[in-house]
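The values are calculated or read from the model by the stated rules, or taken from the named source; none is laboratory data. Fair warning: this is a prediction, and the values are worked out from it, not measured in the lab. Using ideal geometry, Cβ is built from the backbone for each residue, glycine included, and neighbour counts are taken over all protein chains shown. The area values use the complete protein model at the heavy-atom level, side chains included, leaving out ligands, DNA and RNA. Shrake-Rupley method; radii C 1.70, N 1.55, O 1.52, S 1.80 Å.
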Amino acid sequence: MENSEFSQKLKSIQLLLLDVDGVLTDGTIIYNHDGSETKIFNAKDGLGLKLTMEAGIKVGIVSGRKSPALDYRCRDLGIPYAFGGIQDKARILERIVGLTGVVPENTAYIGDDLPDLPLMRLVGLSIAVADAHQIVIKNADWTTSSAGGCGAVREVCEALLKARGEWEKLIDQF
(Lines give C-alpha, C1' and ligand atoms only; values in the text may rest on other atoms or scores of the structure.)
Protein backbone atom coordinates (compact mmCIF):
# COMPACT_ATOMS: atom_id res chain seq x y z
CA MET A 1 0.00 0.00 0.00
CA GLU A 2 1.39 3.40 -1.00
CA ASN A 3 2.03 6.04 1.64
CA SER A 4 -0.73 8.40 0.43
CA GLU A 5 -3.21 5.52 0.19
CA PHE A 6 -2.25 4.42 3.70
CA SER A 7 -2.70 7.98 5.04
CA GLN A 8 -6.14 8.19 3.44
CA LYS A 9 -7.09 4.84 4.95
CA LEU A 10 -5.96 6.03 8.40
CA LYS A 11 -8.02 9.23 8.02
CA SER A 12 -11.13 7.23 7.12
CA ILE A 13 -11.13 5.13 10.30
CA GLN A 14 -14.07 5.87 12.61
CA LEU A 15 -13.93 2.67 14.68
CA LEU A 16 -10.93 0.87 16.13
CA LEU A 17 -11.50 -2.75 17.17
CA LEU A 18 -8.95 -4.74 19.16
CA ASP A 19 -8.22 -8.27 20.18
CA VAL A 20 -7.02 -8.59 23.78
CA ASP A 21 -4.59 -11.44 24.49
CA GLY A 22 -1.51 -10.68 22.42
CA VAL A 23 -2.65 -7.17 21.47
CA LEU A 24 -3.65 -5.30 24.64
CA THR A 25 -1.49 -7.76 26.60
CA ASP A 26 1.67 -9.63 25.72
CA GLY A 27 -0.39 -12.81 25.49
CA THR A 28 0.57 -14.13 28.91
CA ILE A 29 -2.32 -15.47 30.97
CA ILE A 30 -1.69 -15.90 34.70
CA TYR A 31 -4.02 -18.16 36.64
CA ASN A 32 -4.10 -17.48 40.37
CA HIS A 33 -4.51 -20.23 42.99
CA ASP A 34 -8.27 -19.62 43.10
CA GLY A 35 -8.63 -19.96 39.33
CA SER A 36 -9.00 -16.23 38.75
CA GLU A 37 -7.01 -14.63 35.98
CA THR A 38 -4.47 -11.83 36.03
CA LYS A 39 -3.79 -9.77 32.92
CA ILE A 40 -1.15 -7.10 32.54
CA PHE A 41 -2.13 -4.08 30.45
CA ASN A 42 0.14 -1.32 29.16
CA ALA A 43 -0.69 2.12 30.59
CA LYS A 44 0.53 3.87 27.42
CA ASP A 45 -1.87 1.79 25.33
CA GLY A 46 -4.65 2.84 27.73
CA LEU A 47 -3.89 6.54 27.35
CA GLY A 48 -3.73 6.13 23.58
CA LEU A 49 -7.20 4.58 23.59
CA LYS A 50 -8.59 7.36 25.78
CA LEU A 51 -7.14 10.02 23.47
CA THR A 52 -8.50 8.19 20.43
CA MET A 53 -12.00 8.15 21.91
CA GLU A 54 -11.65 11.80 22.92
CA ALA A 55 -10.95 12.60 19.26
CA GLY A 56 -14.23 10.94 18.26
CA ILE A 57 -12.99 7.56 17.07
CA LYS A 58 -15.05 4.76 18.57
CA VAL A 59 -13.21 1.88 20.24
CA GLY A 60 -14.32 -1.71 20.78
CA ILE A 61 -12.97 -5.04 21.97
CA VAL A 62 -13.50 -8.41 20.29
CA SER A 63 -11.91 -11.19 22.31
CA GLY A 64 -12.12 -14.95 22.12
CA ARG A 65 -12.02 -15.14 25.89
CA LYS A 66 -14.17 -13.70 28.67
CA SER A 67 -12.35 -12.16 31.60
CA PRO A 68 -13.35 -10.08 34.63
CA ALA A 69 -9.98 -8.32 34.31
CA LEU A 70 -10.89 -7.26 30.77
CA ASP A 71 -14.34 -6.11 31.87
CA TYR A 72 -12.71 -3.95 34.53
CA ARG A 73 -10.16 -2.52 32.06
CA CYS A 74 -12.93 -1.61 29.59
CA ARG A 75 -14.91 0.16 32.32
CA ASP A 76 -11.75 1.95 33.50
CA LEU A 77 -11.00 3.23 30.00
CA GLY A 78 -14.62 3.92 29.06
CA ILE A 79 -14.67 1.45 26.15
CA PRO A 80 -18.38 1.00 25.40
CA TYR A 81 -18.21 -1.89 22.94
CA ALA A 82 -16.70 -4.99 24.54
CA PHE A 83 -17.41 -8.49 23.29
CA GLY A 84 -15.75 -11.40 25.10
CA GLY A 85 -16.06 -15.11 24.46
CA ILE A 86 -16.41 -14.56 20.71
CA GLN A 87 -15.25 -17.65 18.84
CA ASP A 88 -16.33 -16.42 15.38
CA LYS A 89 -15.01 -12.88 15.31
CA ALA A 90 -16.25 -12.17 11.77
CA ARG A 91 -19.83 -12.94 12.77
CA ILE A 92 -19.92 -10.21 15.46
CA LEU A 93 -19.03 -7.46 12.96
CA GLU A 94 -22.61 -7.06 11.74
CA ARG A 95 -23.78 -6.45 15.31
CA ILE A 96 -20.97 -3.94 15.90
CA VAL A 97 -21.92 -2.09 12.70
CA GLY A 98 -25.51 -1.91 13.97
CA LEU A 99 -24.45 -0.59 17.37
CA THR A 100 -21.89 1.93 16.17
CA GLY A 101 -23.24 2.95 12.77
CA VAL A 102 -19.72 2.56 11.35
CA VAL A 103 -19.34 0.50 8.18
CA PRO A 104 -16.57 -2.11 7.90
CA GLU A 105 -14.66 0.04 5.37
CA ASN A 106 -14.20 2.69 8.08
CA THR A 107 -13.15 0.17 10.71
CA ALA A 108 -9.65 -0.91 11.75
CA TYR A 109 -8.91 -4.13 13.62
CA ILE A 110 -5.71 -5.07 15.46
CA GLY A 111 -4.98 -8.78 15.82
CA ASP A 112 -2.17 -11.18 16.52
CA ASP A 113 -3.23 -14.76 15.88
CA LEU A 114 -5.20 -17.05 13.57
CA PRO A 115 -8.68 -16.47 15.11
CA ASP A 116 -8.29 -12.78 14.14
CA LEU A 117 -7.94 -13.43 10.40
CA PRO A 118 -11.66 -13.65 9.50
CA LEU A 119 -12.39 -10.23 11.05
CA MET A 120 -9.21 -8.72 9.63
CA ARG A 121 -10.37 -9.69 6.13
CA LEU A 122 -13.64 -7.76 6.52
CA VAL A 123 -12.44 -4.37 7.76
CA GLY A 124 -10.99 -1.39 5.92
CA LEU A 125 -7.65 -1.49 7.75
CA SER A 126 -6.23 -4.71 9.18
CA ILE A 127 -3.32 -4.36 11.58
CA ALA A 128 -0.98 -6.99 13.04
CA VAL A 129 1.20 -6.40 16.08
CA ALA A 130 4.94 -6.94 15.56
CA ASP A 131 4.98 -10.32 17.29
CA ALA A 132 1.86 -11.66 15.59
CA HIS A 133 1.79 -15.04 13.89
CA GLN A 134 3.49 -14.83 10.48
CA ILE A 135 0.26 -15.64 8.62
CA VAL A 136 -1.48 -12.74 10.39
CA ILE A 137 1.38 -10.39 9.46
CA LYS A 138 1.22 -11.59 5.85
CA ASN A 139 -2.53 -10.82 5.71
CA ALA A 140 -2.35 -7.42 7.44
CA ASP A 141 -2.39 -4.03 5.75
CA TRP A 142 0.06 -2.77 8.39
CA THR A 143 2.30 -4.32 11.02
CA THR A 144 3.24 -2.25 14.05
CA SER A 145 6.86 -1.94 15.12
CA SER A 146 5.85 -2.64 18.74
CA ALA A 147 4.78 -5.99 20.13
CA GLY A 148 1.40 -6.73 21.68
CA GLY A 149 1.12 -5.40 25.23
CA CYS A 150 4.24 -3.28 24.66
CA GLY A 151 2.89 -0.16 22.98
CA ALA A 152 1.47 -1.55 19.72
CA VAL A 153 -1.99 -0.15 20.46
CA ARG A 154 -0.53 3.25 21.36
CA GLU A 155 1.39 3.23 18.06
CA VAL A 156 -1.86 2.67 16.15
CA CYS A 157 -3.74 5.30 18.16
CA GLU A 158 -1.08 7.92 17.51
CA ALA A 159 -1.03 7.11 13.78
CA LEU A 160 -4.83 7.51 13.60
CA LEU A 161 -4.73 10.80 15.50
CA LYS A 162 -1.83 12.21 13.46
CA ALA A 163 -3.57 11.29 10.17
CA ARG A 164 -6.64 13.23 11.32
CA GLY A 165 -4.58 16.22 12.46
CA GLU A 166 -5.71 15.68 16.07
CA TRP A 167 -2.43 14.68 17.71
CA GLU A 168 -1.01 18.16 18.37
CA LYS A 169 -4.31 19.45 19.77
CA LEU A 170 -4.55 16.50 22.13
CA ILE A 171 -1.00 16.73 23.47
CA ASP A 172 -1.45 20.44 24.12
CA GLN A 173 -3.77 19.51 26.98
CA PHE A 174 -0.85 18.08 28.97
### Query
With axes computed from alpha carbons, what is the tilt in degrees of helix 68-77 against the longest principal axis of the chain, rounded to the nearest 10 within 0 to 90?
30
## Note on the structure
Measuring from the longest principal axis of the C-alpha atoms of the chain, the long axis of helix 3-12 (C-alpha) lies at a number of degrees, nearest 10, equal to 70
### Task
Give the calculated FRET efficiency between residue 47 and residue 11 to the nearest 0.05, with a Förster radius of 25 Å applied to their Cβ-Cβ distance.
0.70
### Summary
CD proxy, 222 nm, the chain: helix-only mean residue ellipticity via -39,500 (n - 2.57) per DSSP H run with n ≥ 4, per residue, nearest 500, stands at -10500 deg cm²/dmol
### Linear extension gain, residue 40 paired with residue 54, 0.36 nm per residue minus alpha-carbon span
2.7 nm
### Query
How far is the Cα center of the range 110-174 from the Cα center of the range 34-73, in Å?
14
### Query
Given the Cα atoms of the range 71-168, and with Rh set as the inverse mean 1/r over their pairs in the Kirkwood sense, what is Rg to Rh to two decimals?
0.95
### Query
What aspartates and glutamates sit close enough to residue 11 to cross-link, taking a C-alpha to C-alpha distance under 16 Å and skipping anything fewer than 8 places away on the same chain?
2, 54, 105, 141, 155, 158, 166, 168
### Query
How many percent of all Cα-Cα pairs in the range 1-134 sit more than 26 Å apart?
19
#### Entry: List 145, 67, ordered by accessible area with a 1.4 Å probe, largest first
145, 67
### Message
Restricting to Cα pairs below 8 Å that are 6+ residues apart, what does the relative contact order work out to for the chain? Please round to a whole percent.
### Response
28
#### Entry: Three principal axis lengths of the range 122-170 [C-alpha, angstrom, descending]
37, 25, 12
### Message
Please give me the summed charge of the neighbours of residue 104: other residues whose Cβ is under 15 Å from its Cβ, Lys and Arg +1, Asp and Glu -1.
### Response
+2
